[in-house]
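The values are calculated or read from the model by the stated rules, or taken from the named source; none is laboratory data. Worth saying up front: this structure is predicted, and the values here are computed from it rather than measured. Cβ placement follows ideal geometry from the backbone for every residue including glycine, while neighbour counts extend to all protein chains displayed.
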């Protein structure tokens, strides 16, 4: 059997696919280590996986309010994350990865672990890249929505050429950001990177850990890419709180309002405006407001249940609709549940995920800056009253169930580990 290191960073939504794959591979007899932020040690070791600390600690639950605001700005957050939070720490990242990977047969990386290829080369082990969402690969044939230049997404109907030129320009701009990687490789006696290290696709292969329903393979995807489907994480904590279960059992299916594991730390007026929308619609609702009690709206009617957290896989199947931020994990769970969505993108890949869910006919989209009670009422009304949304959501759920994404992901990793 192989020793495999899964290295990831970011939010809980970034961690969970790696935990799912790690637990699946461990069940097949492999030795698995997960390198990530110390904030996630409990989740890693709770799955009987070896924990390795990995800097920088890009875990939103540890951000200061100012860092959170800057890292999660819709237009500039991704640039800040890469240039200010990750790249200045590549030496620390490299040292931690080298320490974690001694004796490993394979390294599986998160898309922003820019020092990982150098660490794998130094140790002479294989590494594979990962796409967590379709937008991770800036395909000219299926271009993602990129918030800093989202208006350019309107050019997609002109074919791949304009998008190819845009991608080339963006790569030229970001290439200049990569000097810390170039310096690291030179210090370690490694050859210069052949391509722009900001988009790391391994020559050994790439895992696309999402559904082909959301993003089909494209001619310009990286070579040796395996599209697996969503590797859903089942942590054995799916039972709902008894009070929430009682609420669900005694009334019409509610609308669930959630901001995932990251955006929920800075909700703004999301829950207050959502409460106003619920009153206008006259529907029942569940608010998942996260760890901060201040996010809980005041003067709640009996038709609204508030919890800090509930397992999406257990809750979403009981919902009439889900209002969420569009993180790939939350989007995947809504798709699996067969529940229509109103997506309010906050950051990073979320506008692209929202566009794709809308294109599937299972969602409507509202801009975060314009989200208020009137907008929520306008977009939720058709989701709740028009049968085609629910019917299409059920069709998508049936297709998702047939993909067996976790099994596909584990099999692909095994093949990468064993191949020469």
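Filtering the stretch 274-307 to residues that are more than 26 Å from residue 394 (Cα to Cα), under 23 Å from the mean Cα position of the chain (by Cα) and modelled with pLDDT of 90 or more leaves 289, 307.
Of the residues examined, residue 397 is not one that is over 30 Å from residue 203 (Cα atoms), surrounded by fewer than 16 Cβ atoms within 10 Å (Cβ to Cβ) and at pLDDT 95 or above.
Residue 294 meets all of the listed conditions (1) surrounded by 24 or more Cβ atoms within 10 Å (Cβ to Cβ); (2) out of contact with any strand residue (DSSP E or B) (no Cβ under 8 Å at 6 or more places or on another chain); (3) over 23 Å from residue 391 (Cα atoms) but one, namely (1). When restricted to residues that are surrounded by fewer than 24 Cβ atoms within 10 Å (Cβ to Cβ) and without any contact (Cβ under 8 Å) to a residue 40 or more places away in the chain, the stretch 305-351 contains 4.
Among the conditions (1) under 18 Å from residue 339 (Cβ atoms); (2) free of Cβ contacts under 8 Å to residues at least 60 places away in the same chain, residue 211 misses just one, which is (2). Of the residues examined, residue 87 is not one that is at pLDDT 95 or above, touching a helix residue (DSSP H, G or I) at 6+ places or on another chain (Cβ under 6 Å) and either over 18 Å from residue 352 (Cβ atoms) or surrounded by 16 or more Cβ atoms within 10 Å (Cβ to Cβ) (or both). Could you please give the count of residues in the stretch 375-394 that are out of contact with any helix residue (DSSP H, G or I) (no Cβ under 8 Å at 6 or more places or on another chain), assigned to a helix (DSSP H, G or I) and surrounded by fewer than 16 Cβ atoms within 10 Å (Cβ to Cβ)? Result for the stretch 375-394: 6.
May I ask you to list the residues in the stretch 44-57 that are touching a helix residue (DSSP H, G or I) at 6+ places or on another chain (Cβ under 7 Å) and touching a residue at least 60 places away in the same chain (Cβ under 8 Å)? Within the stretch 44-57, 47 is the sole residue that qualifies. On the stretch given as the stretch 24-41, residues that are within 26 Å of residue 411 (Cα to Cα) and free of Cβ contacts under 8 Å to residues at least 60 places away in the same chain total 9.
The single condition among (1) touching a residue at least 12 places away in the same chain (Cβ under 8 Å); (2) in contact with a strand residue (DSSP E or B) (Cβ under 9 Å, 6 or more places away or on another chain) that residue 60 does not satisfy is (2).
Whether a residue is surrounded by 14 or more Cβ atoms within 10 Å (Cβ to Cβ), at pLDDT below 90 and touching a helix residue (DSSP H, G or I) at 6+ places or on another chain (Cβ under 6 Å) was assessed, and residue 196 passes this test. Of the residues making up the stretch 232-239, not a single one is free of Cβ contacts under 8 Å to residues at least 40 places away in the same chain and crowded, with 18+ Cβ neighbours inside 10 Å. Of the residues making up the stretch 344-374, just one is part of a helix (DSSP H, G or I), more than 20 Å from the chain's Cα centre (by Cα) and farther than 17 Å from residue 259 by Cα, namely 374.
State yes or no: is residue 117 in the same structural domain as residue 180 (by TED's automatic domain parsing), surrounded by 21 or more Cβ atoms within 10 Å (Cβ to Cβ), in contact (Cβ under 8 Å) with a residue 60 or more places away in the chain and assigned to a loop (DSSP other than H, G, I, E, B)? When the stated conditions are applied, residue 117 does not pass them.
Taken together, the residues in the stretch 245-271 that are in a helix (DSSP H, G or I), under 19 Å from residue 321 (Cβ atoms) and within 26 Å of the chain's Cα centre (by Cα) amount to 4. Output yes when any residue across the stretch 325-335 is on the phi < 0 side of the Ramachandran plot and part of a strand (DSSP E or B), and no when none is. No, that holds for no residue. Checking each residue of the stretch 20-33 against the condition of being under 29 Å from residue 267 (Cα atoms), assigned by TED's automatic domain parsing to the domain that holds residue 180, buried (at least 22 other Cβ atoms within 10 Å of the Cβ) and modelled with pLDDT of 95 or more gives at least one match.
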